[in-house]
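Here is the structure we will look at.
The values are calculated or read from the model by the stated rules, or taken from the named source; none is laboratory data. Just so you know, these numbers come straight off a predicted model, no measurement behind them. Cβ sites come from the backbone with ideal geometry, for glycine too, and all protein chains shown count toward neighbours.
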Amino acid sequence: MTGQTEKDPTIWGTLRKDVKQGDFFQTLRDEAQELRDFYINEERRDELRRMSPVKRWFLLAWWILKSMFFKLTPMRRILLAFGILLIISPTATFSNHSEGISQNVTGTLFVGVLALLLVLMLELKDKLLAHSELQDGRAIQRAMQPDPSPSVPGWSIWLYTYPANEVCGDIIDFFPFSGNRYGMATGDVAGKGLGAALLMVRIQALLRAFAPDIPALETLAAKINEILLRDKMPGRFASLLLLQIAPDSGVVRYVNAGHMPPLLVSQTGITSLGKGNAAIGLAADALFEQKECTLTRGQTLVLYSDGITEAENREGESYGVERLEAACRSLCTLQAQQFGEALVARVEAFVADCRRKDDISLIILQRTL
């Protein structure tokens, strides 16, 4: 082989790149905020707000350390306690009876640091392993994603989803119904992480399995609701918005199970179609109602997740429905893909470098005939 082998990165070279990226202190503040949000519950956060600054920072540090301690495995808790004791203990003395001499041992600090490093290495190993598994999960999700611009005569369609973390809890799909009809689905699974992603994949698989044989949207939603309740997954539910279109008609049939209300956009104004029924997976007696609207040429239906309206900037402001509607008004003459890409760009510009807290999903459905 004549090709050059890629050199392993050096420590100093990597650190130089890290420093050149800039925004170190802002990133540090963001990381500290995430640390607090992860380890401190809302009740204790309220307590902290009522305290003086000195007491607040002291208790915050103590509560974070205590929460970290109890999240460790038993062996790692022992190692952590052992390391801390060695670091804060005075110089130890022991006797070597075989030689009859006493020696002062000043290495307790070194041993304590090694114990803490071992705990850190074990925790990092777990994180990297989990990250690798989440990447595999994300690869499976990407493989199941539909064509972002499916072709249906008389319609222009654009589908988009972007995860806030490694895996996505938002549903975006396109699938056929019987009778030359096509369906789309968008939804948002409660919670985040791998559990939400697994439920998202399960709902997507159920939709694809049942849609060809269950053309009625309210029946399809009820069937998925029944299966989720049968599987008895406590605290796991999802909003779901189902649509059905045909090539020869501007009629859009839909069932909204607790999702954000779709926006019907035209050059004359915007109409919100309402939030609809309860989310799926919540109640066995939930009723799902099929509704319909008719799009004429140039009108656009915008389906979005709360990851758009709840996207926050550095000042803690949410993008909100008002900004979303204003953006839709100004973009209403664009075709579906350009409309969607421009809308996503506006949300990204609003958020700027602030870390995303929720997944974003979007369906732009536009009548072209």
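Matching residues to (1) part of a helix (DSSP H, G or I); (2) within 18 Å of the chain's Cα centre (by Cα); (3) of a type in the set (Phe, Trp, Tyr):
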{"site": "Ala326", "(1), (2), (3)": "yes, no, no"}
{"site": "Arg329", "(1), (2), (3)": "yes, no, no"}
{"site": "Leu334", "(1), (2), (3)": "no, no, no"}
{"site": "Gln338", "(1), (2), (3)": "yes, no, no"}
{"site": "Val347", "(1), (2), (3)": "yes, yes, no"}
{"site": "Arg355", "(1), (2), (3)": "no, yes, no"}
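Hey, any hits in segment 183-202 for a residue that's more than 18 Å from Val251 (Cα to Cα), assigned by TED's automatic domain parsing to the domain that holds Ser305, of a type outside the set (Gly, Ala, Ser) and in contact with a Pro (Cβ under 8 Å, 6 or more places away or on another chain)? No. Restricting attention to segment 197-215, the residues being out of contact with any helix residue (DSSP H, G or I) (no Cβ under 9 Å at 6 or more places or on another chain) and outside any helix (DSSP H, G or I) number 3. Quick check: is even one residue across segment 239-259 farther than 23 Å from Leu365 by Cα and either buried (at least 23 other Cβ atoms within 10 Å of the Cβ) or assigned by TED's automatic domain parsing to the domain that holds Pro153 (or both)? The answer is no; no qualifying residue exists. Just one of the numbered conditions (1) touching a strand residue (DSSP E or B) at 6+ places or on another chain (Cβ under 7 Å); (2) modelled with pLDDT of 95 or more is not true of Arg346: (1).
Every condition in (1) surrounded by fewer than 17 Cβ atoms within 10 Å (Cβ to Cβ); (2) at pLDDT 95 or above; (3) over 24 Å from Ala257 (Cα atoms) is met by Ala327 except one, and the failing one is (1). Out of segment 221-237, which residues are in contact (Cβ under 8 Å) with a residue 24 or more places away in the chain, of a type in the set (A, V, I, L, M, F, W, C) and either in a helix (DSSP H, G or I) or within 26 Å of Gln366 (Cα to Cα) (or both)? Passing the criteria: Ala221, Ala222, Ile224, Leu228, Leu229.
The condition (being at pLDDT below 80, in the same structural domain as Lys71 (by TED's automatic domain parsing), in a helix (DSSP H, G or I) and not polar (S, T, N, Q)) is satisfied by just one residue among Arg56, Arg29: Arg29. Residues that are surrounded by fewer than 16 Cβ atoms within 10 Å (Cβ to Cβ) and either touching a residue at least 60 places away in the same chain (Cβ under 8 Å) or not in a loop (DSSP other than H, G, I, E, B) (or both) within segment 270-286 comprise Thr271, Ser272, listed in sequence order. Here is the figure for segment 259-293: residues that are polar (S, T, N, Q) and under 27 Å from the mean Cα position of the chain (by Cα) total 2. Do we find a residue being assigned to a loop (DSSP other than H, G, I, E, B), modelled with pLDDT of 85 or more and more than 30 Å from Asp353 (Cα to Cα) anywhere in segment 65-74? Checked against the condition, which is being assigned to a loop (DSSP other than H, G, I, E, B), modelled with pLDDT of 85 or more and more than 30 Å from Asp353 (Cα to Cα), segment 65-74 yields at least one hit.
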